Ligand code: AMP
């Protein structure tokens, strides 16, 4: 699972790392955005929260992730990007995985200071139909609110996963390839640790 504030590079790293590991990258933000564009019931439920930079309620988000994790491509492993984002989501994820006889192997926290995040997010643009567009929730006021939501609701997950013995922190400033290498090294170390532990083999 990748943990980190908006703008830390979770989406970019998730794509590369999942590609290297041969597992799907599951991004709740991407699933919500696809539902908003497709004007589905789920998209309609999520849109107002997303536009405001708030979290979509846990019940909606957790149900969506459970459905996604039940798909065939997630059977051999998966990389979560942007989920869980609250302690309640983390507890429910742990419980659902436990019911399946499974558990997270590793949580990587991408660490970036807040000045750098604001700089990255306010400059972020995506190419859509040949035009560079800004995500509506990347506007400066919404960015500040999303960072506050992160500090209040998501940052406590760092200590929570540390207590679970799953957390590795990596410096996420630098070239994309450098950060990917740090992430892969940390993942290797934590998978190594876990495969030495009880139940290994
Ligand atoms: P992201 O692309 O991960 O920055 O997510 C964009 C937006 O989708 C967030 O600001 C939230 O409104 C919503 N979202 C994504 N993941 C979650 C989650 N795990 N819990 C609640 N809301 C989420």
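The values are calculated or read from the model by the stated rules, or taken from the named source; none is laboratory data. Quick caveat, the model's predicted, so the values are computed rather than measured. Cβ placement follows ideal geometry from the backbone for every residue including glycine, while neighbour counts extend to all protein chains displayed.
Give, as residue ranges, the helices (runs of 4 or more DSSP H) completely inside region 88-201 that count at least 3 residues that are under 17 Å from residue 4 (Cβ atoms) and touching a strand residue (DSSP E or B) at 6+ places or on another chain (Cβ under 8 Å). If you could, list the steps in order and put the result at the bottom.
Numbers: elements: 114-123, 140-149, 156-163, 176-196.
So the answer is 156-163, 176-196.
If a residue has to be assigned to a loop (DSSP other than H, G, I, E, B) and within 11 Å of the ligand (Cβ to nearest atom) to count, how many in region 72-87 make the cut?
Of region 72-87, the ones assigned to a loop (DSSP other than H, G, I, E, B) are 75-78, 82-86.
Then keep just the ones that are within 11 Å of the ligand (Cβ to nearest atom); that gives 82-86.
Of the residues in that region, 5 qualify.
Checking residue 67 against (1) in a helix (DSSP H, G or I); (2) exposed (fewer than 13 other Cβ atoms within 10 Å of the Cβ); (3) touching a residue at least 24 places away in the same chain (Cβ under 8 Å): exactly one of these is not met. Which one?
Of the numbered conditions (1) in a helix (DSSP H, G or I); (2) exposed (fewer than 13 other Cβ atoms within 10 Å of the Cβ); (3) touching a residue at least 24 places away in the same chain (Cβ under 8 Å), the odd one out for residue 67 is (3).
Can residue 47 be described as surrounded by 12 or more Cβ atoms within 10 Å (Cβ to Cβ), more than 10 Å from the ligand (Cβ to nearest atom) and over 30 Å from residue 178 (Cα atoms)?
Details: surrounded by 12 or more Cβ atoms within 10 Å (Cβ to Cβ): yes; more than 10 Å from the ligand (Cβ to nearest atom): no; over 30 Å from residue 178 (Cα atoms): yes.
So residue 47 does not fit the description; no.
Could you give every pair whose Cβ atoms fall below 8 Å, whose first residue belongs to region 76-88 and is closer than 14 Å to residue 109 by Cβ and touching a residue at least 12 places away in the same chain (Cβ under 8 Å), and whose second residue is within 6 Å of the ligand (Cβ to nearest atom) and in a loop (DSSP other than H, G, I, E, B), counting only separations of at least 6 or pairs across chains?
85/55
Residue under question is residue 33, and the condition is that it be assigned to a helix (DSSP H, G or I), within 20 Å of residue 145 (Cα to Cα), free of Cβ contacts under 8 Å to residues at least 60 places away in the same chain and within 12 Å of the ligand (Cβ to nearest atom); does it hold?
Working: assigned to a helix (DSSP H, G or I): yes; within 20 Å of residue 145 (Cα to Cα): yes; free of Cβ contacts under 8 Å to residues at least 60 places away in the same chain: yes; within 12 Å of the ligand (Cβ to nearest atom): yes.
The answer is yes for residue 33.
Residue by residue, here is whether (1) at negative phi; (2) modelled with pLDDT of 95 or more; (3) within 12 Å of the ligand (Cβ to nearest atom); (4) under 11 Å from the mean Cα position of the chain (by Cα) holds:
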{"position": "2", "(1), (2), (3), (4)": "yes, yes, yes, yes"}
{"position": "9", "(1), (2), (3), (4)": "no, no, yes, yes"}
{"position": "24", "(1), (2), (3), (4)": "yes, yes, no, no"}
{"position": "38", "(1), (2), (3), (4)": "yes, yes, no, no"}
{"position": "56", "(1), (2), (3), (4)": "yes, yes, yes, no"}
{"position": "70", "(1), (2), (3), (4)": "yes, no, no, no"}
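Determine whether residue 14 is over 16 Å from the mean Cα position of the chain (by Cα) and either near the ligand (Cβ under 10 Å from one of its atoms) or buried (at least 20 other Cβ atoms within 10 Å of the Cβ) (or both). First the steps, then the outcome.
Numbers: over 16 Å from the mean Cα position of the chain (by Cα): no; either near the ligand (Cβ under 10 Å from one of its atoms) or buried (at least 20 other Cβ atoms within 10 Å of the Cβ) (or both): yes.
It is false that residue 14 is over 16 Å from the mean Cα position of the chain (by Cα) and either near the ligand (Cβ under 10 Å from one of its atoms) or buried (at least 20 other Cβ atoms within 10 Å of the Cβ) (or both).
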